[in-house]
1. With just the Cα atoms of region 93-178, tell me how far they stretch along each of the three principal axes, in Å, largest first.
2. For region 32-85 and region 290-337, what is the separation of their C-alpha centers, rounded to whole Å?
3. Scanning the chain for trypsin sites (Lys or Arg not before Pro) in DSSP loops with at most 12 other Cβ atoms within 10 Å, what's the longest stretch left with none?
4. Can you compute the helix-only [θ] at 222 nm over the chain? Use -39500 (n - 2.57) per DSSP H run of at least 4 residues, normalise by all residues, nearest 500 deg cm²/dmol.
5. Only four residue types carry charge here, +1 at the Cβ of Lys and Arg and -1 at the Cβ of Asp and Glu. Report the dipole size of the chain about the Cα centre in Debye, rounded to the nearest 20.
6. Which one of Gly56, Leu233, Gly264 has its Cα pushed farthest toward the positive end of the charge dipole of the chain, where Lys and Arg give +1 and Asp and Glu give -1 at the Cβ?
7. Cross-link list Lys121/Lys341; Lys316/Lys341; Lys33/Lys317: which exceed 20 angstrom alpha carbon to alpha carbon?
8. For Lys85, give me every one of the aspartates and glutamates with a C-alpha distance below 14 angstrom, ignoring sequence neighbours fewer than eight places off in its own chain.
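What follows is calculated from the coordinates using simple rules that are stated; it is not laboratory data. This one's a predicted model, so the numbers in the text were calculated from it and none came from an experiment. Heads up, the Cβs are rebuilt from the backbone with ideal geometry, glycines too, and the neighbour counts pull from every protein chain shown.
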Amino acid sequence: MTQQIGILTSGGDSPGLNAAIRGVGKAALGHHKMHVVGFRDGFRGLMENRIMALDGGQLSGILTTGGTILGTSRDKPHKMPVGGKLMDMTDAIAANYHDNHLDCLVCLGGGGTLKNALRLKKQGLNVITLPKTIDNDVWGTDITFGFDTALGIATEAIDRLHSTAHSHHRIIVVEIMGHRAGWLALGAGIAGGADVILIPEIPYDVNIVAEAIRERARGGKPFSIVAVAEGALSVQDIAALSPAKRKKKEDDTEADAAEIVYAGRTLKLAERLEKLTGLEARVTILGHLQRGGTPSAADRILATRLGTACADLIAKKKYGVMVAAKGEDTVPVKLEDVGSKVKTVPADHSWILSARRVGTNFGD
Ligand code: F6P
């Protein structure tokens, strides 16, 4: 019997989502002769049964485009704002899944999406997820799509900030996304030659950062680039967190990202560095620039690999998994095994060790 699949994109958008939708859709339609429909705006669209036909034409010309043709939202099935209240809409979602005669729902998203997909699996739905996020913080996969593009954008930004920092003898503090993981700031900081890299995994001391900047100035380099991850915290910030907030910080997932306020910390860091070093400091917050626009070649390839592997798994009726990248292969990882794990940067990761070797300061 012809298999019927539904696709949705959930959580923050990410370059490569359209390439992944195309990968799943074209392999499912053309190779496996399945029927494919899309649901708009994540789990909300599935709950409201807002369908987008994905029967061929819609899948052409989208490989190189940013965003998602399906639209996205951060709505969770079990806590959906409806009529001013947060409601558990899991039953409505399950009903629409069955009314549309779906054999499988493909959810493209990060850690939060994965947890939501696992909840639907526990309700008896067949689900498969694909790991997307610029944060690269999904456990169980080598890499997520969107990361490489964002890395390129953030690196180019640091390259450009270097010449102006140099000309004005300034500190430029550049804030890079990544939620609670430091992959993006670390990667862009290394690639862009940032003098200081601050990431959530390594609490920093502002006095140590200031001394590194003063040392550079004494050595004839009165300018510095500080690449700071939006989730980075100083030892003082951590000490000031109440136990309840510290617990929340540990439990936060991608889906909660919108509720977290980061920006103030970077501005304060720049002010402190200005005072402690006597150099002028400026702040650049890259923000959503890192999520927009055309995906890199590497992300297009990754999204196509994962998307087509997903269609192959559906054909084999292998459900309840995330399609992960492992070296050159794609492998299914049980959703239960990923659960709520987050892939942060290990303190002894080779990127960190190499950065330390070239003299990068981590504020520790
Ligand atoms: O998870 C992707 C991400 O871009 C994070 O890096 C960031 O913290 C968050 O989303 C921003 O969320 P929003 O787009 O809802 O402001």
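1. If we take the Cα atoms of region 93-178, the spans are 63, 23, 17 Å.
2. 18
3. Maximal segment without exposed cleavage sites: 34-315.
4. So the calculated ellipticity at 222 nm is -12000 deg cm²/dmol.
5. In debye, rounded to 20, the chain gives about 220.
6. In the chain, that residue is Gly56.
7. Lys316/Lys341
8. Here the aspartates and glutamates satisfying the reach criterion relative to Lys85 are Asp75.
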